[in-house]
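Asker: Questions regarding the structure given below will be posed in turn.
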Amino acid sequence: MQISTRKFLFLSYYFPPRPEIGGKRVDKLCAVALKRGWQASVVSTSGDLAVDTSLAASVGDVALTLLDRSGARGGSIVKKRVRALFADLLAFMDVVRFFLAARRIKAVGAIPVVMASAPPRRVVVAALLLKLADKNTIFVADFRDPWLRGSEAGKSTLRAVISRYLLGKVLSGADLITATAQATLDQLSRSGVTGVREKSLLIPNAVDLHLFDNVSSRLFAAKNRVIFGHLGDLDYEHRNPVPLLQAVSRIKEESPRIFFGIEVHFWGESGYWQGRDLAGLIQDHGLESAAFAHATVDHNRALGIVKEIDALIIFAFNQPLQIPAKCYEYLLSGKPILALCEEGSETFRLLGKFPGVELVTSPDPDAIRRGVEKIVQDLSAPTETGFTRDLSSLDYEKVFAPLWERIEGMLHR
């Protein structure tokens with residue numbers, strides 16, 4: 001297929017100026033493409049931004065079309081349950097909306113390449129429909145997380161059956177399959193669809209090595225305390241703060257000197273565990289003087305917080321096939337990291353390559369307690385015992401270049 005124009009259309013539920021970390025990957029992928037002479041169009045959702053449906057805007061050199069967001073996360077337990085009842089309908093509506101908006105843009109712009117990044121999976125399904133409508137389209141399916149999670153692969157419920165069916169169609173229809181972790185690609189290659197491994201390409205998340213250069217920090221009031229922080233929503237199953245709070249509670253009981261020298265802060269939306277939100281859990285554990293729940297902050301403010309606090313927390317239990325995108329920014333910060341993840345998981349493998357990371361491979365509160373105390377001890381040591389991290393291999397321009405080289409080769413087949 002001979003196509004002279006370098007144009008691509010990206011379908012992503014998240015994209016700047018929305019703050020979600022999932023949009024940062026798509027933003028960087030577009031940035032690398034623009035430097036290589038491509039023209040970029042993106043269909044995304046508005047989130048809480050005050051925009052009209054299908055409002056066309058411009059973010060840098062990207063032609064951006066924003067759709068109203070349906071089924072937003074967050075809110076009370078009642079609101080979440082109501083959304084869950086209509087989740088499938090909302091997902092179907094999103095597929096239709098993304099497909100119709102993207103088809104119009106693709107036709108007007110004569111765009112040969114369509115990419116979609118999941119989750120959510122609905123944007124990839126919409127991109128598949130574009131491929132089915134025009135077989136000459138080059139369809140790239142990007143997986144930030146696995147399509148099938150936990151026991152979903154073996155379930156016989158209608159939803160699970162449909163999910164596996166759609167995955168098979170996506171893998172069959174895609175011309176190129178990319179993922180952020182090798183374990184995700186391995187799972188996809190075991191789906192039973194032929195040819196998946198041959199058209200797969202590992203494109204890990206990456207980071208702008210100059211991300212913190214112009215970030216200003218706003219220091220906490222001097223308290224002579226070691227400040228731990230987690231940035232990101234805590235409404236996923238694998239981000240359960242209870243074991244960490246239990247660990248801090250045990251430090252309070254058994255090591256009061258250490259307890260009065262630490263604080264733990266959480267920025268982001270809270271889920272519910274045993275019917276309690278994060279603020280309630282903090283109160284239940286008697287940690288009101290040491291643990292604090294804050295609202296979600298925008299990315300620039302988040303970077304300032306990362307730059308100013310002493311240690312960072314990663315929750316990654318029960319997600320062995322993917323790596324939280326914030327890991328890369330945390331590594332770049334040069335701060336100690338308390339990483340809660342299973343041994344052998346993708347997060348474990350990445351973070352284990354770098355110094356200054358305390359890997360806790362069990363949700364046991366005593367194990368987490370030892371990790372917290374180790375970081376406090378290291379921060380109290382003389383500065384010459386510190387560490388440096390060589391992150392040149394995580395530079396996004398270097399990491400993402402092979403994707404565009406592959407697509408450029410496909411254009412001229």
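Asker: Using 0.36 nm per residue of separation minus the Cα-Cα distance, give me the extension gain between residue 413 and residue 182 in nm, one decimal.
Answerer: Using 0.36 nm per residue and subtracting the Cα-Cα distance, I get 80.5 nm.
Asker: Rounded if a/c is under 1.5, else prolate if a/b is larger than b/c, else oblate: which is the stretch 107-261, with a ≥ b ≥ c the root eigenvalues of its Cα gyration tensor?
Answerer: Values: a/c = 3.20, a/b = 1.87, b/c = 1.71.
Since a/c reaches 1.5 and a/b is larger than b/c, the shape of the stretch 107-261 is classed as prolate.
Asker: To make sure I understand, if each residue's beta carbon is the centre and we count other beta carbons within 10 Å, what order do 237, 373 fall in, fewest to most?
Answerer: Ordered by Cβ neighbours within 10 Å, fewest first: 237, 373.
Asker: Moving on to the next point. If I model the stretch 169-296 as equal point scatterers sitting on the Cα atoms and use the Debye formula, what is log10 I(q)/I(0) at q = 0.20 Å⁻¹?
Answerer: Ignoring solvent entirely, the Cα scatterers give -1.07.
Asker: A further question follows. Once Rh for the stretch 278-348 is found with the Kirkwood sum over Cα pairs, what is the Stokes-Einstein diffusion coefficient at 10 °C and 1.306 mPa s, in µm²/s?
Answerer: 115 µm²/s
Asker: In debye to the nearest 20, how big a dipole does the stretch 226-392 give about its Cα centre with +1 on each Lys and Arg Cβ and -1 on each Asp and Glu Cβ?
Answerer: It works out to roughly 260 debye.
Asker: According to the square roots a ≥ b ≥ c of the eigenvalues of the Cα gyration tensor, what is the shape class of the stretch 226-392, taking rounded for a/c under 1.5, prolate for a/b larger than b/c otherwise, and oblate for the remainder?
Answerer: Details: a/c = 1.37, a/b = 1.16, b/c = 1.18.
Rounded, because the longest to shortest axis ratio a/c is under 1.5.
Asker: Taking loop as defined by DSSP and a crowding limit of 16 other beta carbons within 10 Å, which chymotrypsin sites (Phe, Trp or Tyr not before Pro) in the stretch 271-306 fit? Please list the in-between numbers first.
Answerer: Details: sites: 272, 273, 292; in loops: 272.
Sparse-neighbourhood loop chymotrypsin sites (Phe, Trp or Tyr not before Pro): 272.
Asker: Can I ask one more? Tell me which residues come under 5 Å, amide H to amide H, from residue 270 once H is placed; ignore anything under 5 positions away on its chain.
Answerer: Excluding prolines and chain starts, which carry no amide H, the hits are 234.
Asker: Next up: Report for the stretch 226-392 the percent antiparallel among DSSP-assigned beta bridges with both residues inside it, nearest 5.
Answerer: Working: 1 of 22 bridges.
Close to 5 percent.
Asker: Given contacts defined as C-alpha pairs under 8 Å and at least six residues apart, what's the relative contact order of the chain, whole-number percent?
Answerer: Relative contact order here is 14 percent.
Asker: Explain nothing, just compute: Karplus ³J(HN,Hα) = 6.51 cos²θ - 1.76 cosθ + 1.60, θ = phi - 60°, for every residue of the stretch 125-136 in order, whole Hz, x for Gly and Pro.
Answerer: 5, 4, 5, 4, 4, 5, 5, 5, 6, 9, 5, 7
Asker: Let me ask something else. Let's see if you can work this out: charge +1 on each Lys and Arg Cβ, -1 on each Asp and Glu Cβ, no other charges. What is the dipole magnitude of the chain about its Cα centre, in debye to the nearest 20? Mind dumping the intermediate values first?
Answerer: Numbers: 52 positive and 45 negative charges, 287 e Å.
So the dipole magnitude of the chain works out to roughly 1380 debye.
Asker: Let me have the relative contact order for the stretch 300-413, percent, based on Cα pairs under 8 Å that are six or more residues apart.
Answerer: The normalised contact order for the stretch 300-413 reaches 21 percent.
Asker: Can you give the calculated 222 nm mean residue ellipticity of the chain, where each DSSP H run of n ≥ 4 adds -39,500 (n - 2.57) and the sum is split over every residue, rounded to the nearest 500 deg cm²/dmol?
Answerer: On the way: 14 runs with 162 residues, N = 413.
One gets -12000 deg cm²/dmol as the mean residue ellipticity at 222 nm.
Throughout, read-outs are computed from the coordinates displayed, never taken from laboratory work. Being a predicted model, the structure only gives us computed values, none of them experimental. Every residue, glycine among them, receives a Cβ derived from its backbone with ideal geometry; neighbour counts consider all protein chains shown.
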